[in-house]
Amino acid sequence: MHHDPQTHPFHVIGVDIGGGKIALGAVSSAGEVTASQQYPTGPERPAEAVIDDLTARIRKMTEEVPFEVDGLGVGVCGQVVMSSGVVRQSPNLPNWDDVPLRQRLEAALGLPVTVANDMKVIALGQWQYSSERAVDDLVVVFVGTGVGGGVIANGQMLLGRDDHAGEVGHATIMVDGRECRCGNLGCLEAYVGGWAIAERAREAAEGDPREGAKLLALAGGNLENITAETVADANREDDDLARRIVEETGHYLGAGMVGVVNGFNPSRLILGGGVLDGIPELLESVEAHVQRYALRACTTDLEVILAEFGAEAGILGGAALAMQTLPNARSRSGELDA
Ligand SMILES: [Zn+2]
């Protein structure tokens with residue numbers, strides 16, 4: 001870090017723009033969230049409307065907190081070029097194409113803004129604020145509707161040529177396998193993403209209606225209403241089919257994480273997201289799988305753990321991003337003002 005939080009406390013706002021909801025919160029250098037809110041994104045709206053709405057909420061928050069806000073860090077569920085702060089595209093924000101988010105926010109708020117992919121931001125937050133901060137190599141993988149990853153390597157966000165490194169959800173785990181939303185076949189996401197678990201469950205329930213009776217009942221008798229959450233619920237009630245789907249999901253996710261552990265050699269593999277929240281035993285499957293199949297050299301001292309901070313993970317990540325880049329951003333915003 002470039003500053004000493006004891007003598008120069010920063011206050012920033014962290015923002016997490018997801019396809020379903022947007023979370024924002026004011027955070028101190030010590031990692032204390034002093035104000036926060038969450039609201040539906042409304043992804044069908046034009047990007048402009050989403051940004052105007054967000055800007056108004058940020059402005060209100062900066063007025064209400066009892067300190068001056070120094071900057072803003074934003075995670076977006078999509079492909080972001082960090083140097084320009086442009087959101088190239090987002091599968092979950094269909095109206096966002098080459099949106100100059102940083103420029104828009106800086107112009108509207110007069111604050112230095114840093115924008116990055118949401119998983120990179122979350123990884124940074126887990127590293128910065130985790131109770132086990134003493135490691136410099138970690139990989140964070142969130143399994144929600146999709147599967148995303150962020151890598152901290154040697155104490156730095158791993159970015160890649162155009163800042164898109166870490167998309168571990170689209171590693172092939174099955175050659176010529178299930179169709180993925182990215183256009184490829186056999187991606188990890190096409191097996192363990194929430195949408196893929198739902199798809200697999202629907203196929204299984206359709207193929208054997210007797211075995212699928214529980215899932216179907218929980219979905220109100222309509223096959224199309226079976227979701228990953230339905231599977232999680234049925235699994236909690238010891239339904240055989242749901243348990244089998246969960247077991248297979250653990251197998252697939254484990255296989256994917258073997259590649260991640262071998263590829264990045266982290267000290268911590270941190271798992272989170274809605275699917276892990278609903279089916280926490282996936283953590284154990286992954287751990288067992290990784291310990292058994294990853295290279296022994298890569299699993300020495302490896303810990304597989306759950307992500308911290310729940311709904312505030314994105315806010316804290318955004319704050320960590322803002323604080324990391326504030327000294328640079330300050331001189332940049334000085335240039336903008338001139
Ligand atoms: Zn894919």
Nearest 10, in degrees from 0 to 90: the angle of helix 118-129 to the longest Cα principal axis of the chain is 70
Of 251-258, 143-150, 88-95, ordering from highest average Cβ density within 10 Å down gives 143-150, 251-258, 88-95
Here P(r) for the stretch 80-224, Cα-Cα distances in 5 Å bins, as whole percents, is 2, 9, 13, 15, 16, 14, 11, 8, 6, 4, 1, 0, 0
Quick calc, residue 210 & residue 84: beta-carbon distance into FRET formula, R0 56 Å, rounding 0.05, result 0.50
Inter-part gap, Cα centre of the stretch 181-249 to Cα centre of the stretch 311-325, in whole angstrom, is 34
The extension gain from residue 297 to residue 244, computed as 0.36 nm times the residue separation minus the Cα-Cα distance, is 15.9 nm
Taking Cα atoms only, helix 47-64 is inclined relative to the longest principal axis of the chain by an angle, in degrees rounded to 10, of 60
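For 238, 136, what ranking results if the residue with the fewest other Cβ atoms within 10 Å of its Cβ goes first?
238, 136
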Taking the chain and counting helices only, DSSP H stretches of n ≥ 4 at -39,500 (n - 2.57) each over all residues, the nearest-500 ellipticity at 222 nm comes to -13000 deg cm²/dmol
For the chain, longest principal axis from Cα atoms; helix 194-207 axis from its Cα atoms; angle between them, nearest 10 degrees, is 20
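For the chain, with only Lys/Arg (+1) and Asp/Glu (-1) charged at the beta-carbon, what is the dipole magnitude about the Cα centre, in debye rounded to 20?
Here the chain has a charge dipole of around 500 debye.
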Going fewest to most other Cβ atoms within 10 Å around each Cβ, 271, 295 line up as 295, 271
Summing +1 per Lys or Arg and -1 per Asp or Glu among the other residues with Cβ less than 11 Å from residue 182's Cβ gives -2
Rounded to the nearest 5, the percent of DSSP beta bridges in the chain running antiparallel is 60
Rounded to one decimal in nm, the spacing of the 7 Å Cα→Cβ label points at residue 33 and residue 154 is 3.3
If 129, 191 are placed from fewest to most neighbouring beta carbons inside 10 Å, the sequence is 129, 191
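Since every read-out is calculated from the coordinates, none of them should be taken as a lab result. Source: prediction; values computed, not measured. Quick reminder, even Gly has a Cβ in these numbers, built from the backbone with ideal geometry, and neighbours come from all protein chains shown.
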